[in-house]
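Quick note: the coordinates plus some simple rules give every number you see, no bench work behind them. If you're wondering where the values come from, they're calculated on a predicted model, not measured in any experiment. Methodologically, a virtual Cβ is constructed for each residue, glycine included, from the backbone with ideal geometry; neighbour enumeration extends over all protein chains shown.
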Amino acid sequence: MPRYNKHAYLLERIVYYCDEIERTVNRFGYSFEVFVSDPVYQNACAMCILQIGELASRFNDSFRTKHTAIPWRAIKGMRNILAHEYEKVNYEEFWNTIVIDIPILKACCKRITPLIDDPTDIF
């Protein structure tokens, strides 16, 4: 059975969900008005952000401290709002997360993944 670096695997999964959000935006359209009026569009993106938040919580403190370009607290914060306070979601903030923050997160994860070579994080 192959062994994987835990942090590289988690980063790859985050990139996968960023790609899912990108596909969702391409499917429904790059329009805030459409996004606000379509709960299916919102829910598809929310599920991906929930998954990203869950994955982000699996990194150890040492990794988070080393990779401060990733906004760990903001990721977890958005996940918590979508999971526990969905009726209070600010749609402009949600939209900006989707179209601005997610592409930045994806690029950051792709940049970091090949640099990971920590034999203590193998599973």
Taking the Cα centre of segment 38-96 as the origin, how large is its charge dipole in debye, to the nearest 20, when only Lys and Arg (+1) and Asp and Glu (-1) carry charge on their Cβ atoms?
400 debye
Relative contact order %, the chain, counting alpha carbon pairs below 8 Å whose residues are six or more apart:
46 percent
Would you compute, from DSSP H runs of 4+ residues alone, the mean residue ellipticity of the chain at 222 nm, taking -39500 (n - 2.57) per run and dividing by the full residue count, rounded to the nearest 500?
-21000 deg cm²/dmol
Under a cut-off of 27 Å between alpha-carbon atoms, report the lysines in cross-link reach of LYS66, not counting same-chain residues fewer than 8 places apart.
LYS6, LYS76, LYS106, LYS110
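Relative contact order of segment 44-103, please, whole-number percent, based on alpha carbon pairs below 8 angstrom and at least 6 residues apart.
Answer for segment 44-103 is 38 percent.
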What does the convex hull of the Cα atoms of segment 49-117 come to per residue, in Å³, rounded to a whole number?
82 Å³
Cβ under 13 Å from ASP19's Cβ, ASP19 left aside: what net charge do those residues give with Lys, Arg +1 and Asp, Glu -1?
+2
With the dipole of the chain defined by +1 on each Lys or Arg Cβ and -1 on each Asp or Glu Cβ, the option from GLY77, LEU115, SER31 whose Cα lies farthest towards the positive pole is LEU115
Could you work out how far the C-alpha centroid of segment 1-42 sits from that of segment 54-96, in angstrom?
14 Å
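Among rounded, prolate and oblate, which fits the chain when a ≥ b ≥ c are the square roots of the eigenvalues of its C-alpha gyration tensor, a/c under 1.5 means rounded, and a/b larger than b/c means prolate? It would help to have the intermediate numbers written out before the result.
Numbers: a/c = 2.31, a/b = 1.91, b/c = 1.21.
Taking the square roots of the gyration eigenvalues as a ≥ b ≥ c, the chain is prolate.
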